[in-house]
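Have a look at the structure below, then the notes.
Read-outs throughout are calculated quantities, based only on the coordinates presented, and are distinct from any laboratory measurement. Please read these numbers as outputs of a predicted model, since none were measured by experiment. A quick note on method: Cβ atoms are made from the backbone with ideal geometry, for glycine too, and the neighbour counts reach across all protein chains shown.
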Amino acid sequence: MKLIQCKACDRPISPLAEACPQCGAPNSWRHPLIDAFYVAKDAIGTSRPFTFRSNKTKIWGETKAQAPLRAKLFAALVLVVVGLPAIAIWGIVGAFVAGAMSVVPIIVMGRSEKFSADLDARTWTSSNDVFWRPVKEKLQL
Ligand SMILES: [Zn+2]
């Protein structure tokens with residue numbers, strides 16, 4: 001990467017250095033696209049809110065896990081259709097089995113979406129590119 005100037009002593013340093021090797025001043029540089037992302041973060045139009053973190057060249061984030069209504073309805077259906085007969089036949093064991101089965105759609109359908117990007121290497125990975133498209137565009141990836 002191209003060297004930058006230390007803000008304290010003006011000597012050239014690596015943008016990736018945590019501190020200037022000559023004068024010890026902390027180096028607060030981060031990739032300009034990450035800076036721009038922090039400025040625009042409240043206006044990035046994903047359909048669900050997300051949190052993110054970054055270092056100098058990498059940025060990564062995720063949504064909270066959130067089961068959609070259809071997953072909850074499906075779970076309730078499983079509980080009634082499978083659960084009631086299972087309880088009638090196996091009692092308490094049947095109740096545990098039905099409870100465990102009804103949680104599966106909520107876990108699967110309500111999983112958290114994740115992304116990570118490396119602005120230096122120009123790499124991008126995500127759990128769902130359609131969901132993360134506004135983030136990907138903002139990072140020009
Ligand atoms: Zn310095």
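Annotations for the structure displayed:
- Ranked list, fewest to most other Cβ atoms within 10 Å of each Cβ, for Glu62, Glu113, Glu18: Glu18, Glu62, Glu113
- Residues Leu73, Leu119, arranged from fewest to most other Cβ atoms within 10 angstrom of their Cβ, appear as Leu73, Leu119.
- Shape call, segment 27-75: gyration tensor on alpha carbons, a/c limit 1.5: prolate
- Residue order, fewest to most beta carbons within 10 Å, for Asp129, Asp118: Asp129, Asp118
- Rounded to 10°, Cα long-axis angle of helix 129-138 versus longest principal axis of the chain: 20
- Principal-axis tilt of helix 69-78 within the chain, Cα atoms, nearest 10 degrees: 30
- Across segment 36-46, computed HN-Hα scalar couplings (Karplus, 6.51 cos²θ - 1.76 cosθ + 1.60, θ = phi - 60°) run 4, 5, 4, 5, 8, 4, 7, 10, 8, x, 7 Hz from first to last residue, x flagging Gly and Pro.
- Karplus (6.51, -1.76, 1.60) ³J(HN,Hα), θ = phi - 60°, over segment 94-99, in Hz, Gly and Pro reported as x: x, 5, 5, 4, 5, x
- Using the empirical formula 2.2 N^0.38 Å as the baseline, the Cα radius of gyration of segment 17-131 reaches a ratio of 1.70.
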